[in-house]
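Written out below as structure tokens is the structure these notes cover.
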Amino acid sequence: MNKVFAAALAALALIGSASLLTACNTVAGAGQDVSAAGHAVSTTADKAKP
């Protein structure tokens, strides 16, 4: 019974850590997208100045 519990715990830890790593990559990608959009707005605003 202890081996089954240890295997289940290891599987949950692996799934949990994979989820956290995926979330970090997603948040980093979203930050880059927001940054790129900000740069595009700034560039357009600079071009629109008289």
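What the table shows:
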{"quantity": "Residues of the range 18-50 that turn out to be polar (S, T, N, Q) and at pLDDT 80 or above, as a count", "calculated": "5"}
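Quick grid of which residues meet (1) among the aliphatic types (A, V, I, L, M); (2) over 16 Å from the mean Cα position of the chain (by Cα); (3) loosely packed, with under 10 Cβ neighbours inside 10 Å:
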site	(1), (2), (3)
Ala18	yes, no, no
Thr22	no, no, no
Ala30	yes, no, no
Ser42	no, yes, no
Lys47	no, yes, yes
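The values are calculated or read from the model by the stated rules, or taken from the named source; none is laboratory data. Not measured: the values here are computed from a predicted model. Virtual Cβ from ideal backbone geometry, glycine too; neighbours counted across all protein chains shown.
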